[in-house]
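One structure is given below, encoded as structure tokens.
The values are calculated or read from the model by the stated rules, or taken from the named source; none is laboratory data. For clarity, every value in this text was computed on a predicted model and none was experimentally measured. Here the Cβ positions follow ideal geometry from the backbone for every residue, glycine too, while neighbour counts run over all protein chains shown.
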Amino acid sequence: MRKQEACGTGCDVTEVYRFLEEDGEDFEYIDFSGYKLMGVNLSRLSLRGSHLRHADLRHANLAGIILEGADLEGANLRGVKLSGANLQGANLTNVKLDNADLLRADLRGACCKNATLTHASLRAVKIDGADFSGANLQGTNLFGAYGILSTTFDGADLRGARLNFTTLDKLELSKKGVKFDSLTEEGKAFVLQFIKTSWTEFVSGWGKQVFLAPFRFISWIFRGLWKIITFPLWIFRKIKH
């Protein structure tokens, strides 16, 4: 890993902004382990493969950031804005993400073992292949999460979690040793039970095609009419030339 020193361990936000001005957006594969970056604005930057182990990023703006393959083990991300962030394959073991905003974030293949995500917003996140074993997801909003059936929740706490428009149900949760309560029962939402297609998958895939079909048909009709109307003009131009 290439290590760039922005400032010493425990540096403040001012020093990070100075480093930003000097090195622009070249933040990939750096080491921010243990840094105190509360409230820092690193939105839409790339920290791919970087180390932020045990860093303090409380209430930071990381919207749209690229943290693919990054190591954030033990980091404090309480109240962080991570909407639209790319966290594919990231190490989020023991990370604190309470009240964080991860709307439409990409957590595919991320390791979130023993992470704390109480009352976090994970609406419409992509979590295919992610591992939430032992994670605390009490009160977490997973409304419309994608790929949830391939996600590991062994021993996780999902009491009070919102699972509407996902494919998790009480039976599947009980097989995984997950803690849940009556609120969790809202999760089952198969539109096609026999092939386990959730409403989220239906709306984003098949539903989109069904919705667009009439517009495509109308467009096809108008294109045909336009060709018929302009055909004499095309013949005239051919004869003229």
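In segment 116-128, the count of residues that are part of a loop (DSSP other than H, G, I, E, B) and touching a residue at least 24 places away in the same chain (Cβ under 8 Å) is one or more.
In summary, G139 fulfils each of the numbered conditions (1) buried (at least 21 other Cβ atoms within 10 Å of the Cβ); (2) over 16 Å from the mean Cα position of the chain (by Cα) with the single exception of condition (1).
With respect to (1) at pLDDT 95 or above; (2) under 10 Å from the mean Cα position of the chain (by Cα); (3) hydrophobic (A, V, I, L, M, F, W, C), the lone exception for V125 is condition (1). Does L87 satisfy the condition of being of a type in the set (A, V, I, L, M), under 18 Å from R44 (Cα atoms), touching an Asp or Glu at 6+ places or on another chain (Cβ under 7 Å) and modelled with pLDDT of 95 or more? Judged against the criteria, L87 is a match. What's the total number of residues in segment 102-155 that are in contact with a helix residue (DSSP H, G or I) (Cβ under 7 Å, 6 or more places away or on another chain) and among the charged types (D, E, K, R)? Selection size over segment 102-155: 1.
None of A130, A115, A145, A105 is hydrophobic (A, V, I, L, M, F, W, C), in the same structural domain as E73 (by TED's automatic domain parsing), farther than 22 Å from A60 by Cβ and buried (at least 20 other Cβ atoms within 10 Å of the Cβ) except A145.
Entry remark, segment 93-130: residues being within 14 Å of G147 (Cβ to Cβ) and polar (S, T, N, Q) number 0 in total.
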